[in-house]
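K.L.:
Sending over a structure as structure tokens; questions will come in a sec.
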């Protein structure tokens, strides 16, 4: 009797276990897995999640979002692999609570209710093999939002599954204030203590100086993660890089830039040199915070991605630090207009303040020659040809009046100095980086060479077509002068683009006003003399000569100030 009873109990236990297995298999097959919303771990008895790299990926079509935005999410398998089951949620970074809702767009998918919220997760409806599934997620329209990531569970077989396969972090850039407040605060107090810091100008404070370009790196002792801060003023993006040398190319970089919707996004990239960098998957990046205030870009984040410069192992901790900024078009970064490189390698495990690479002497020489050409010799040559033809008329040497000899000499010096400056800068830079400045410089160089060629083939003074040369010579001269001034302004902005007061640009503005005033006075005097009058009398010295001397003295004062500024740059 006892034996019969024991046999009956054994059969009941087997039936209970079988029914449990049937329930599990059914649950696996139909995807109704709301009971594991928090853990996202399938209830597959005797089996645990895989701890090797997943052959499945979670990707999204956006890198940032705001309230009410819709994001397309794709679950995909590597070639030759299929998944039979899946579960997908959106979660705040560091949280296990689902956020937002899904709209099912593909057959074989269904919405799930998690924590009482309908469609807060998505799963399969059958155990048929799948290589790709796409769905749409909509962000909440209110509440405390933050950066999110999409998290998925993939089941290749009943016994083989992966839990917590994550997408790249999607940055929140909405109207909330919690994540868009400035992330840089009292950073200088930590520089050299817990952070490696690099800035341009040296040791500037980004919390008080909006013209400061700044980066800091705080590395864990085992180099498993780095907290990076980026700060700088730009029309499109500010990027930081880690390099083996002081030249761009084979660099690991992070870009904080304005995307197509006007929000800030963080990108991971690899620099290949002169071409646009290769954008990589953001990878293991978290705690992203961004702010865009009056054109000043500010990002901070934590990365567990290893640094790779493409030419050596990633175990080292010493790199040259780089900061670059520039414009972007429709979210696509353009060539940088500002680039700063540390003077020496930084040891990321040794908190320190890294100084900038000195401003190259060859670029200082380029700037000095351009200033001398178009603030002094070129300007004097133009004003002499315009207003001093009548002074000492008929006197000169080699059959040429003094004014003509002076004009030709001064303009020849300007062309020669411009050509030398042009050769110097392109032999050093060997590229077109610098925004409008190199374009303006090339136009000045081309027109400066055309002008004397036109002059060589001019007609005789009394020829009936002489007026064509006169007008052409005049217009080319005005074009050269205007382009040269614009090139000087853009060049000075590259030199002191990170300084708050930008005093050299103000000095150059003063020079332009001074030169316009002196040309106006000379023109007024010329018109007065046509009426047998002068604007003022200086005894034995002509008004033209007095104004010329004043013009020269003023130009020299402005020139010396700017030459001193260039000499002190970097």
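K.L.:
Among the strands (runs of 3 or more DSSP E) lying completely within the range 283-329, list those that include at least 3 residues that are at pLDDT 85 or above and under 13 Å from residue 258 (Cα atoms).
P.N.:
In the range 283-329, the matching strands (runs of 3 or more DSSP E) lie at 296-303.
K.L.:
So, residue 265, is that one at pLDDT 80 or above and either crowded, with 21+ Cβ neighbours inside 10 Å or outside the structural domain of residue 224 (by TED's automatic domain parsing) (or both) or not? Walk me through how you get there before you give the answer.
P.N.:
Numbers: at pLDDT 80 or above: yes; either crowded, with 21+ Cβ neighbours inside 10 Å or outside the structural domain of residue 224 (by TED's automatic domain parsing) (or both): yes.
Taking the combined requirement at face value, the residue satisfies it.
K.L.:
Hey, among 517, 559, 552, which residue is modelled with pLDDT of 85 or more and over 41 Å from the mean Cα position of the chain (by Cα)? Talk me through it step by step, then tell me what you get.
P.N.:
Numbers: 517 fails: over 41 Å from the mean Cα position of the chain (by Cα); 559 fails: over 41 Å from the mean Cα position of the chain (by Cα).
Just one listed residue meets the conditions, 552.
K.L.:
Something else now. Given the criteria touching a residue at least 12 places away in the same chain (Cβ under 8 Å) and either part of a loop (DSSP other than H, G, I, E, B) or on the phi > 0 side of the Ramachandran plot (or both), does residue 274 qualify?
P.N.:
Values: touching a residue at least 12 places away in the same chain (Cβ under 8 Å): yes; either part of a loop (DSSP other than H, G, I, E, B) or on the phi > 0 side of the Ramachandran plot (or both): yes.
The answer is yes for residue 274.
So that you can scan it fast, the table gives a plain yes or no per residue for (1) farther than 30 Å from residue 246 by Cα; (2) in a helix (DSSP H, G or I); (3) touching a strand residue (DSSP E or B) at 6+ places or on another chain (Cβ under 9 Å); (4) modelled with pLDDT of 85 or more:
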site	(1), (2), (3), (4)
379	yes, yes, no, yes
390	yes, no, no, no
414	yes, yes, no, yes
435	no, no, yes, no
476	yes, yes, no, yes
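K.L.:
Among the numbered criteria (1) within 11 Å of the chain's Cα centre (by Cα); (2) within 20 Å of residue 293 (Cβ to Cβ), which single criterion is violated by residue 228?
P.N.:
(1)
K.L.:
Hand me the list of strands (runs of 3 or more DSSP E) wholly inside the range 72-161 holding 1 or more residues that are surrounded by fewer than 20 Cβ atoms within 10 Å (Cβ to Cβ), on the phi > 0 side of the Ramachandran plot and more than 32 Å from the chain's Cα centre (by Cα).
P.N.:
Details: elements: 85-92, 101-103, 109-114, 117-124, 132-138, 148-157.
Answer list for the range 72-161: 117-124.
K.L.:
Let me ask something else. Using the structure shown, decide if residue 147 is in the same structural domain as residue 132 (by TED's automatic domain parsing) and modelled with pLDDT under 90.
P.N.:
The answer is yes for residue 147.
K.L.:
Which one of 64, 76, 54, 48 is modelled with pLDDT under 90 and over 30 Å from residue 292 (Cβ atoms)?
P.N.:
Working: 64 fails: over 30 Å from residue 292 (Cβ atoms); 76 fails: modelled with pLDDT under 90; 54 fails: modelled with pLDDT under 90.
Matching residue, one of 64, 76, 54, 48: 48.
K.L.:
Condition (residue is without any contact (Cβ under 8 Å) to a residue 40 or more places away in the chain, assigned by TED's automatic domain parsing to the domain that holds residue 419 and either surrounded by 13 or more Cβ atoms within 10 Å (Cβ to Cβ) or touching a strand residue (DSSP E or B) at 6+ places or on another chain (Cβ under 6 Å) (or both)) applied to the range 559-570: is it met by at least one residue?
P.N.:
No: the range 559-570 contains no residue that is without any contact (Cβ under 8 Å) to a residue 40 or more places away in the chain, assigned by TED's automatic domain parsing to the domain that holds residue 419 and either surrounded by 13 or more Cβ atoms within 10 Å (Cβ to Cβ) or touching a strand residue (DSSP E or B) at 6+ places or on another chain (Cβ under 6 Å) (or both).
K.L.:
In the set 301, 270, which member is in contact with a strand residue (DSSP E or B) (Cβ under 7 Å, 6 or more places away or on another chain) and surrounded by fewer than 22 Cβ atoms within 10 Å (Cβ to Cβ)?
P.N.:
270
K.L.:
Being touching a strand residue (DSSP E or B) at 6+ places or on another chain (Cβ under 9 Å) and without any contact (Cβ under 8 Å) to a residue 24 or more places away in the chain is the filter here, so list the residues in the range 211-235 that pass it.
P.N.:
Selection gives 220 alone.
K.L.:
For the range 449-461, state whether one or more residues are modelled with pLDDT of 85 or more, assigned to a helix (DSSP H, G or I) and buried (at least 17 other Cβ atoms within 10 Å of the Cβ).
P.N.:
Yes; the residues of the range 449-461 include at least one that is modelled with pLDDT of 85 or more, assigned to a helix (DSSP H, G or I) and buried (at least 17 other Cβ atoms within 10 Å of the Cβ).
The values are calculated or read from the model by the stated rules, or taken from the named source; none is laboratory data. Keep in mind that what you see is a predicted model, and the values were worked out from it rather than measured. Cβ coordinates were reconstructed from backbone atoms using ideal geometry, including for glycine residues, and neighbour counts include every protein chain displayed.
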